[in-house]
Amino acid sequence: MKTNTAVLHLKNKDPQSVYNLGGRVSTSMVAAKATFTNPDPTMEAFGAEVTKLDGAIKAKDGSKIKAQAVIDQTDVVYIMLKSLLIYVNKVAAGDIAIILLSGFDCNNDPIQRDVPGKAVIKRLEDGSVPCSVKIFMDALTDADRYKVETTITPDDPESWKTELDFGSLKKLEIRDLTAAQKIYIRVSGGNTHGWGVPSEPMAFIPR
């Protein structure tokens with residue numbers, strides 16, 4: 001009988017590919033924390049290193065020092081992914097549904113799934129009614145739906161609340177917000193394979 005296992009479908013340690021997979025695994029495992037109760041490394045530690053890799057990639061300017069920083073941070077995230085892979089396989093015990101819930105690919109899936117990349121919010125504007133907000137962003141490759149989340153405490157990963165999870169790019173508007181209360185908004189692109197990495201939070205004050 002063939003056993004299902006989680007695998008790293010990375011042909012090499014390309015920084016952007018490692019970041020994309022790291023972001024996907026981080027987002028997926030945090031969302032499924034009831035299943036992945038005691039990950040090693042912790043999601044807080046892993047998420048912090050994925051964020052550092054994102055920063056290192058964005059900071060590249062052609063200098064050897066910054067280029068080396070990207071390589072070094074890619075190695076850190078890659079090693080942590082390998083540790084999480086072992087953990088997920090222990091928890092899943094061959095269950096393909098649990099494997100895919102983690103954000104990793106399964107050995108039965110010959111090609112890495114095309115989950116949308118990281119979203120980027122271009123701007124926020126007052127919506128069509130009072131206490132609403134309209135979100136503008138460019139389309140994401142492979143995304144056929146968009147999820148909008150809000151919080152008043154962006155540093156608390158547990159505080160994010162989903163306001164819209166099957167939104168159209170042309171209708172990314174949320175309503176019934178509290179007037180004059182500063183909120184933070186983030187958006188993720190998704191498809192049948194899952195949700196991509198959320199955008200950086202952007203602040204907005206409804207009126």
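General remarks:
- Set 34, 56: member being aliphatic (A, V, I, L, M), outside the structural domain of residue 200 (by TED's automatic domain parsing) and surrounded by fewer than 15 Cβ atoms within 10 Å (Cβ to Cβ): 34
- Note on segment 57-77: residues that are touching a Pro at 6+ places or on another chain (Cβ under 8 Å) and among the hydrophobic types (A, V, I, L, M, F, W, C) amount to 3.
- Among residues of segment 172-207, those that are small (Gly, Ala, Ser) and either within 19 Å of residue 141 (Cβ to Cβ) or in contact with a helix residue (DSSP H, G or I) (Cβ under 8 Å, 6 or more places away or on another chain) (or both), counted: 6
- Across segment 182-202, the number of residues qualifying as touching a residue at least 60 places away in the same chain (Cβ under 8 Å), in a loop (DSSP other than H, G, I, E, B) and hydroxyl-bearing (Ser, Thr, Tyr) comes to 1.
- When segment 133-149 is filtered for residues that are under 15 Å from the mean Cα position of the chain (by Cα) and in a strand (DSSP E or B), the ones remaining, listed by number, are 145, 146, 147, 148, 149.
- Flag for residue 148 being out of contact with any helix residue (DSSP H, G or I) (no Cβ under 9 Å at 6 or more places or on another chain), more than 29 Å from residue 21 (Cα to Cα) and of a type in the set (A, V, I, L, M, F, W, C): no
- Checked against (1) at pLDDT 90 or above; (2) not assigned by TED's automatic domain parsing to the domain that holds residue 42, residue 101 passes all but a single condition, namely (2).
- Only a single item in (1) within 16 Å of the chain's Cα centre (by Cα); (2) surrounded by fewer than 13 Cβ atoms within 10 Å (Cβ to Cβ) is not met by residue 43, and it is number (2).
- Residue list for segment 73-109, filter: part of a loop (DSSP other than H, G, I, E, B), of a type in the set (Gly, Ala, Ser) and farther than 13 Å from residue 28 by Cβ: 93, 94
Okay, residues lined up against (1) over 23 Å from residue 53 (Cα atoms); (2) modelled with pLDDT of 95 or more; (3) surrounded by 13 or more Cβ atoms within 10 Å (Cβ to Cβ):
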site	(1), (2), (3)
118	no, no, yes
128	yes, no, no
134	yes, yes, yes
144	yes, no, yes
162	yes, no, no
165	yes, no, yes
181	yes, yes, no
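The values are calculated or read from the model by the stated rules, or taken from the named source; none is laboratory data. Worth saying up front: this structure is predicted, and the values here are computed from it rather than measured. Here the Cβ is made from the backbone with ideal geometry for all residues, glycine too, and neighbour counts use every protein chain on show.
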